[in-house]
Amino acid sequence: MLFAAQELLQRRLGIPEIKTAMVQTAQTAGMIFIILLGAEVFDAFLALSQLPMKGADMVRNSGLPPYAVMALLMLFYILLGAVAVVVFGSLATEALSVFGVVGEGTLFSQQWEYLDLPRIFQILLTLGMFIWIAIIWRGLRSRLKTSSKAGMPWLFFFSGLAIPMFYAVGLIATSDTPFAIADFWRFWVVHLWVEDFLELFTTVMVAYLFVLLGVVRERVAMTVIFLDIILYSIGGVIGTMHHLYFSGTPTIVAISR
């Protein structure tokens, strides 16, 4: 306030500038307080639900030896490192493509509209997700043998398997594919993969975790999951189909000229 008053007296800062600065300060402070409020609410949720204690008890009662738990933690960090390689490697090769360092049509060249991953990172990401689902299957296989195909373990596995399978469909389109066809498969990944299968897996994972912890009953969790399947599938299909209009509109011809 003293700095603002000094600047105002020296006529280097007007009333509009002070008002703008105060509004921006209030907005920034409000965002910080909202983050702190969300952290407090989440902390209260963890305390009331006792999820950390129940999770620790579940790991303790799983029968896994300490080295197996350490191996799972190391595998988790390895997977994070693999994601970092794909993300930063893709950004680097896309930038090299923009500046013409990487030639078009190669494994390291960008695909469409500065958005798609280079082909090599698309393949690596797909392989990584299949390895991830293989790890999930290895951990669930004993429970899958004794569970019904309509039960939570199989639903969790199938929802995870849909992630690499439906992402791999996006590999159909290449930089040499006609635009309308490539745009369809690209938005298949953007809408159906992200808004349907990723959100479905998140719902199933959280529901399955709550069932294992005894927070909700399995029947309630299954009902919510199937309602979400209907909601995500309908919304994802509509979200994909409305892009067909933009793929076929003559605007793209005008832009290309």
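Would you call Leu75 in a helix (DSSP H, G or I) and within 27 Å of Ala207 (Cα to Cα)?
Values: in a helix (DSSP H, G or I): yes; within 27 Å of Ala207 (Cα to Cα): yes.
Here the answer is yes, as Leu75 does meet what is asked.
Let me confirm something: among Ile131, Ile136, which residue is part of a helix (DSSP H, G or I) and either touching a Ser or Thr at 6+ places or on another chain (Cβ under 8 Å) or touching a residue at least 12 places away in the same chain (Cβ under 8 Å) (or both)?
Details: Ile131 fails: either touching a Ser or Thr at 6+ places or on another chain (Cβ under 8 Å) or touching a residue at least 12 places away in the same chain (Cβ under 8 Å) (or both).
Just one listed residue meets the conditions, Ile136.
Of (1) surrounded by 14 or more Cβ atoms within 10 Å (Cβ to Cβ); (2) farther than 23 Å from Ser175 by Cα, Gly81 satisfies all except one. Which?
In the conditions (1) surrounded by 14 or more Cβ atoms within 10 Å (Cβ to Cβ); (2) farther than 23 Å from Ser175 by Cα, Gly81 misses (1) alone.
Evaluate the following for Gly151: is it under 24 Å from Val220 (Cα atoms) and in the same structural domain as Glu218 (by TED's automatic domain parsing)?
On the way: under 24 Å from Val220 (Cα atoms): yes; in the same structural domain as Glu218 (by TED's automatic domain parsing): yes.
When the stated conditions are applied, Gly151 passes them.
With respect to Leu209, is the statement that it is touching a residue at least 60 places away in the same chain (Cβ under 8 Å), within 22 Å of Phe156 (Cα to Cα) and either surrounded by fewer than 17 Cβ atoms within 10 Å (Cβ to Cβ) or not β-branched (Val, Ile, Thr) (or both) true?
Numbers: touching a residue at least 60 places away in the same chain (Cβ under 8 Å): no; within 22 Å of Phe156 (Cα to Cα): yes; either surrounded by fewer than 17 Cβ atoms within 10 Å (Cβ to Cβ) or not β-branched (Val, Ile, Thr) (or both): yes.
Spelling it out, it is not the case that Leu209 is touching a residue at least 60 places away in the same chain (Cβ under 8 Å), within 22 Å of Phe156 (Cα to Cα) and either surrounded by fewer than 17 Cβ atoms within 10 Å (Cβ to Cβ) or not β-branched (Val, Ile, Thr) (or both).
Among the candidates Ala56, Ala68, Ala44, which residue alone is among the aliphatic types (A, V, I, L, M), assigned by TED's automatic domain parsing to the domain that holds Tyr208 and within 17 Å of Val215 (Cβ to Cβ)?
On the way: Ala68 fails: within 17 Å of Val215 (Cβ to Cβ); Ala44 fails: assigned by TED's automatic domain parsing to the domain that holds Tyr208.
None of the others qualify; the one that does is Ala56.
Given the options Leu75, Leu80, name the one that is in contact (Cβ under 8 Å) with a residue 60 or more places away in the chain and within 21 Å of the chain's Cα centre (by Cα).
Values: Leu80 fails: in contact (Cβ under 8 Å) with a residue 60 or more places away in the chain.
After applying the criteria, what remains is Leu75.
Ser90 is checked against (1) at pLDDT 75 or above; (2) farther than 24 Å from Asp228 by Cα; (3) not in a helix (DSSP H, G or I) and fails just one. What number does that condition carry?
(3)
Is it the case that region 99-106 has a residue that's surrounded by fewer than 17 Cβ atoms within 10 Å (Cβ to Cβ), part of a helix (DSSP H, G or I) and assigned by TED's automatic domain parsing to the domain that holds Phe76?
Step one: of region 99-106, the residues surrounded by fewer than 17 Cβ atoms within 10 Å (Cβ to Cβ) are 99-101, 103-106.
With the extra rule that they be part of a helix (DSSP H, G or I), the set shrinks to none.
For region 99-106, residues surrounded by fewer than 17 Cβ atoms within 10 Å (Cβ to Cβ), part of a helix (DSSP H, G or I) and assigned by TED's automatic domain parsing to the domain that holds Phe76: absent.
Condition (residue is buried (at least 16 other Cβ atoms within 10 Å of the Cβ) and part of a loop (DSSP other than H, G, I, E, B)) applied to region 172-180: is it met by at least one residue?
So far as region 172-180 goes, yes, one or more of its residues are buried (at least 16 other Cβ atoms within 10 Å of the Cβ) and part of a loop (DSSP other than H, G, I, E, B).
What residue, of Phe130, Phe201, Phe226, Phe156, is in contact with a Leu (Cβ under 8 Å, 6 or more places away or on another chain) and either modelled with pLDDT of 85 or more or more than 29 Å from Pro118 (Cα to Cα) (or both)? Steps first, answer last, please.
Numbers: Phe130 fails: in contact with a Leu (Cβ under 8 Å, 6 or more places away or on another chain); Phe201 fails: in contact with a Leu (Cβ under 8 Å, 6 or more places away or on another chain); Phe226 fails: in contact with a Leu (Cβ under 8 Å, 6 or more places away or on another chain).
Testing whether each residue is in contact with a Leu (Cβ under 8 Å, 6 or more places away or on another chain) and either modelled with pLDDT of 85 or more or more than 29 Å from Pro118 (Cα to Cα) (or both) leaves just Phe156.
The values are calculated or read from the model by the stated rules, or taken from the named source; none is laboratory data. Only a predicted model underlies this, so the values are computations on that prediction, with no experimental measurement involved. Positions of Cβ are generated from backbone atoms using ideal geometry, with glycine treated the same way; all protein chains shown enter the neighbour counts.
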